[in-house]
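Structure first, then comments.
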Amino acid sequence: MRQELLSLPKTLAEDVARNLVMVAKLLDEDPEKAYGYSRVALRLASRVAAVREAAGFAAYAFGKYSEALAEFRAARRMTGSAELWPVMADCERGIGRPEKALAMAGEPEVQRLDKSGQVEMRLVAAGARRDMGQADAAVVTLQSPELASHAVHPWTARLRYAYADALLAVGREDEAREWFAKALEADQGGTTDASDRLAELDGVEFTDALSEDDDQEPEQEPEEQEQGRDEARAETVVEDEAEDTADDQVEVEDEAKIETDADDRADDQADVNDQAADEDADEDDADEAEAKPAAPVVPTFSDAGESAGEAGTPEAGK
């Protein structure tokens, strides 16, 4: 890969390398993100075989088998290597073409594979048999010198596990248990769940102790329990005092409202009394005016002269 990247300009090669490193780092733990980084690297350097191969594995891990197959084919054309042949066959299975995968298992390219690649091809072929409903044929496909060997290789655990699973599929439970145990012995890296399958066959059920501990409150020491009770009592007292204060405030407000209402009623009554008193005073003045005699009219000097002239005097008659 390093040699291939050296063919690119330095800055571009560094950018591509960084994305490929992220693909390798995230491929198992976060295939989606790994796939995203692979697409960036592919846009930057699509003519580099290592980039096409990395993009193929990222798409394969993310379940995009058709896309992965296209990338693997491109990488194979660039390098002429047959090492991608087993994973290409498995992509055919993923697409839904187990017959094509089984046919690839008989191609001359298989003979060019190393021992690890040939075991991988056998695993793919057995899986294709099971996809086609040929469970017994899958068992026979996995029976090989590599399976019978007592030596442990990186692929030994996976081969034994696949054989145990195939045996279980045809109802050979006792043999399946034996091979799951053998797979567990060879599985130093924990690549399979052979231990869980063994426990399942033995009828052992596991409980999640962490979940149960999370559901239950941790047991407290006596001093912590007493302190907790004191705190709870203190909180209760504070809450009760707060409630009493609130009740007292409500009572004060109610009393103030009552006093205000009483004052308003007293003012209204005073207004009524004042109005009634005014009406009584007006009536008394009217009665007093009717009972009192009219005052005599005292004529003025001018009025008397005018009256005498009109009546005449004796001297005037004479």
* With a 10 Å radius around each residue's Cβ, average the other Cβ atoms per peptide and rank 57-63, 162-168, 41-47, highest first. => 162-168, 57-63, 41-47
* **Rounded Å value of the spacing that divides the Cα centres of region 23-96 and region 136-174** => 28 Å
* **Kirkwood Rh, angstrom, region 37-93 [1 / mean 1/r, Cα pairs]** => 10.9 Å
* Structure fact -> Per its Cα gyration tensor (rounded if a/c is under 1.5, else prolate when a/b beats b/c, else oblate), region 72-180 is best filed as oblate
* For region 1-136, just say rounded, prolate or oblate: build the C-alpha gyration tensor, square-root its eigenvalues into a ≥ b ≥ c, call rounded for a/c under 1.5, and beyond that prolate if a/b exceeds b/c, oblate if not. => prolate
* Asked: Each label point is 7 Å from the Cα along the Cα-to-Cβ direction; what then is the distance between the points at ARG73 and GLU185, in nm?
  -> 4.4 nm
* State whether region 155-208 is rounded, prolate or oblate according to the following rule on the C-alpha gyration tensor (a ≥ b ≥ c being the square roots of its eigenvalues): a/c under 1.5 gives rounded; otherwise a/b larger than b/c gives prolate, and the remaining case gives oblate. => oblate
* Structure fact -> Ranked output for segments 127-134, 177-184 by mean other Cβ atoms within 10 Å, highest leading, reads 177-184, 127-134
* Could you give the nm distance between label points at GLU175 and ASP193, where each point is 7 Å from its Cα heading toward the beta carbon? -> 2.5 nm
* Asked: Could you list log10 I(q)/I(0) for region 5-71 at q = 0.18, 0.26 Å⁻¹, which the Debye formula gives when each Cα is one point scatterer?
  -> -0.55, -1.05
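Each reported figure results from applying straightforward, stated rules to the coordinates on display, with no laboratory input. Quantities reported herein were computed from a predicted structural model and do not represent experimental measurements. Here Cβ is always computed from backbone atoms with ideal geometry, including for glycine, and neighbour counts include all displayed protein chains.
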